[in-house]
Every structure is written in structure tokens, then in C-alpha cells.
Amino acid sequence: MNEYPLPTPHPANAHPARVYNVWLGGKDHYPVDQEAADLAARANPTIVPSVRANRAFLGRAVRHLATAGIRQFLDIGTGIPAAENTHEVAQQAAPESRVVYVDNDPIVLTHARALLVSGPEGQTDYVQADARDVDAILDAASRTLDLSRPVGLMLVAILQYIKDAEDPWDITRRLLDRLAPGSYLVLSHPAVDVTTPEVAESMRIYNERAASNASATPRTRKEVERFCEGLELLEPGVVTLTRWRPGPSDVPDDALPMWCAVARKG
């Protein structure tokens with residue numbers, strides 16, 4: 001389907017989906033993932049609360065889009081299924097919602113097929129592809145989604161795995177170019193300009209144990225804002241996770257080193 005090497009379940013290298021699973025308290029990972037997750041969290045104690053706050057942001061953003069009338073979602077870099085997946089949140093608000101999940105780890109594919117089951121009125125599908133392979137993703141997604149109608153594009157905690165030299169901003173633009181006006185971009189991204197020393201050290205530890213095509217690059221707020229260029233940035237703009245339209249029970253924590261945003265394509 002694409003020209004990029006897909007990682008295989010091998011205990012020699014940590015993989016983002018499995019490390020993320022450790023931080024969410026899951027059991028679908030290998031010892032090398034557990035080691036990378038534990039060491040990175042030890043270097044930066046905000047990682048685990050950030051991962052959980054990121055999950056909460058995803059839920060709030062999907063609910064907002066569903067309320068705004070979005071009935072199609074393309075979730076790239078979904079990771080191993082956990083509670084409150086995109087289709088669960090969307091279909092609670094609009095049972096007819098359709099969701100396509102994309103990831104490049106075969107272990108995610110196995111779990112996705114078993115657990116990402118749509119309600120009877122909607123539909124879910126899974127695409128195994130690399131986030132860099134825009135055409136393969138959109139061609140496969142179009143089997144389930146009508147790309148002539150608005151789509152919620154979910155790039156939640158995934159763009160950090162695309163190096164500057166691979167131009168993640170251009171990849172994001174090319175994804176959005178093929179989506180209809182009225183589509184939305186939902187993104188979150190590790191911040192290099194929040195608790196900087198801890199973030200840098202935890203990223204170094206993770207990258208030492210990750211496959212070469214799964215190393216991570218945290219970015220500044222200005223760099224994250226570039227992903228939203230040409231779009232209508234929804235209030236409150238690019239903010240830390242707990243600042244994006246928090247609910248009554250959400251506790252603000254600006255020490256969590258991740259930026260997030262939701263923006264609309266005009």
C-alpha cells in the first residue's frame with residue numbers, strides 16, 4: 001500500500017502505539033515498550049497525565065465536531081484501542097457517524113479489527129498505512145468516507161513522529177487539500193517550549209529505544225500553529241491540553257507539555 005517500511009511486532013524496538021498503551025495502563029505491549037515508557041516517564045513525570053489529558057482532549061474535540069454536524073472522521077495514528085475511541089464518542093452524539101482509523105503497526109491492526117466495532121447505524125474501518133503516505137490513506141479511506149463531504153481529520157499525538165526533513169506541515173496540507181470545505185483539523189503535539197529540560201530528556205530516552213522511523217520530535221507553539229495556516233482556528237487557539245474548552249470537572253494544568261488545537265477548513 002505504501003513505500004514506507006512498516007514496523008513489525010519485534011521486541012528489539014519500542015513502538016509509539018505500544019508505548020502509549022503502557023502510559024494508558026494497557027497490557028498490549030512488549031518489555032521493550034514497558035522499559036521505554038517507564039524510563040521516559042521517570043525523566044518527565046508529566047508524560048502519563050499528559051497522555052490522559054490528550055485522551056480527554058480528543059473526546060471533547062470529537063464531541064464538538066459531532067455537535068457541529070460532522071459525521072465522518074479520519075483518525076490517523078489511532079494507536080491500540082482504549083476507552084473512548086473516536087467512533088465511540090462520535091456515535092454517542094450521532095449514531096450514523098463513520099470513522100476510518102489509520103495506523104502502521106500490525107499489532108494495532110489486530111486489536112482494531114477485534115475492538116473498533118461500529119454501532120449498527122454507523123460504520124468503522126481500519127487502514128494499515130504510514131502517516132506519510134497521504135494518497136494511500138485517502139484512497140483507502142474513500143471506501144468508507146465520502147470525501148466530497150466534510151471530514152474531521154484527527155492528527156492527535158502523531159505529527160511528532162514525522163521529522164522536519166519529511167515536512168509534516170506539507171503532509172498535513174496535502175491531507176486537508178483533498179477534504180471538502182467545512183472539514184476540521186484536530187491536532188495535538190508534544191511541546192518543546194513547556195518544561196523543556198524534562199521533555200528533551202524523555203524524548204532522548206524514548207528515541208534511543210524506538211525504531212528509526214518512529215523517533216519523536218517535540219515542537220514549539222509557533223511550529224504547531226503552522227499546521228493550522230490557511231484554516232479558521234477555533235477559540236481558544238493553540239493551547240495546552242486542559243485549556244481547550246475544558247468541562248466543569250477538568251482541572252487546568254499548564255505544565256503538561258503538549259499543544260492542541262482545532263481548526264476549520266473554509
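The values are calculated or read from the model by the stated rules, or taken from the named source; none is laboratory data. Everything numeric here is computed off the predicted structure, so don't read it as measured data. Every residue, glycine as well, gets a Cβ built from its backbone with ideal geometry; the counts of neighbours run over all protein chains shown. Just the protein is used for accessible areas: all its heavy atoms, side chains included, with ligands, DNA and RNA removed. Shrake-Rupley method; radii C 1.70, N 1.55, O 1.52, S 1.80 Å.
Here each label is just a point 7 Å from Cα along the line to Cβ, and for Asp135 and Glu35 those points are 4.0 nm apart.
Relative to the current alpha-carbon distance between Ser142 and Ala180, full extension at 0.36 nm per residue lengthens the span by 12.4 nm. For segment 23-46, the residues whose backbone nitrogen is under 17 Å from a point 7 Å from the Cα of Glu84, taken along Cα to Cβ, are 23-26.
How high is the FRET efficiency between Val251 and Glu121 when r is their beta carbon distance and R₀ equals 35 Å, given to the nearest 0.05?
On the way: r = 35 Å, r/R0 = 1.00.
After rounding to 0.05, the efficiency reads 0.50.
Relative contact order of the chain, please, whole-number percent, based on alpha carbon pairs below 8 angstrom and at least 6 residues apart.
Values: 534 pairs, mean separation 55.4, N = 266.
21 percent.
Percent relative contact order of segment 108-181, based on C-alpha pairs within less than 8 angstrom and at least six residues apart?
Values: 42 pairs, mean separation 22.2, N = 74.
Normalised by residue count, the contact order of segment 108-181 is 30 percent.
For segment 170-223, report the % of Cα-Cα distances exceeding 12 Å. Don't skip to the answer; put the middle values down first.
Numbers: 1038 of 1431 pairs.
For segment 170-223, the fraction of Cα-Cα distances above 12 Å is 73 percent.
Rolling a 1.4 angstrom probe over the protein heavy atoms with all chains in place gives segment 32-190 an accessible area of 35 Å² per residue. Over 21 Å apart: what share of the alpha carbon pairs of segment 135-266 falls there, rounded to a whole percent? More than 21 Å apart: 45 percent of the Cα pairs in segment 135-266. Projected label points at Arg113 and Glu225, each 7 Å from Cα along the beta carbon direction, are separated by 4.5 nanometres. Relative contact order for segment 138-266: 30 percent, from Cα pairs under 8 Å spaced at least 6 residues apart, divided by residue count.
Taking every alpha-carbon pair in the chain and binning the separations at 10 Å intervals from zero gives 7, 33, 40, 19, 1 percent.
Listed by chain and number, the lysines whose alpha-carbon sits under 18 Å from that of Lys163, ignoring those within fewer than 8 places in the same chain, are Lys222.
Got a number for carbon plus sulfur as a percent of the chain's accessible area, 1.4 Å probe?
Numbers: 5730 of 11090 Å².
Answer for the chain is 52 percent, counting heavy atoms of protein chains only.
For segment 108-213, pairs of C-alpha atoms spaced more than 25 angstrom apart make up 33 percent of the total.
What is the Å³ per residue value for the convex hull set by the Cα atoms of segment 14-112? Kindly include the intermediate steps, with their values, before the conclusion.
On the way: hull volume 8.6 nm³, N = 99.
So the per-residue Cα hull volume is 87 Å³.
Start at zero, step by 10 Å, and the Cα-Cα distances of segment 222-266 spread as 28, 49, 20, 2 percent across the bins. Annotation: for a label point projected 7 angstrom from Cα along Cα→Cβ of Ala93, residues of segment 123-147 with backbone N closer than 17 Å are 123.
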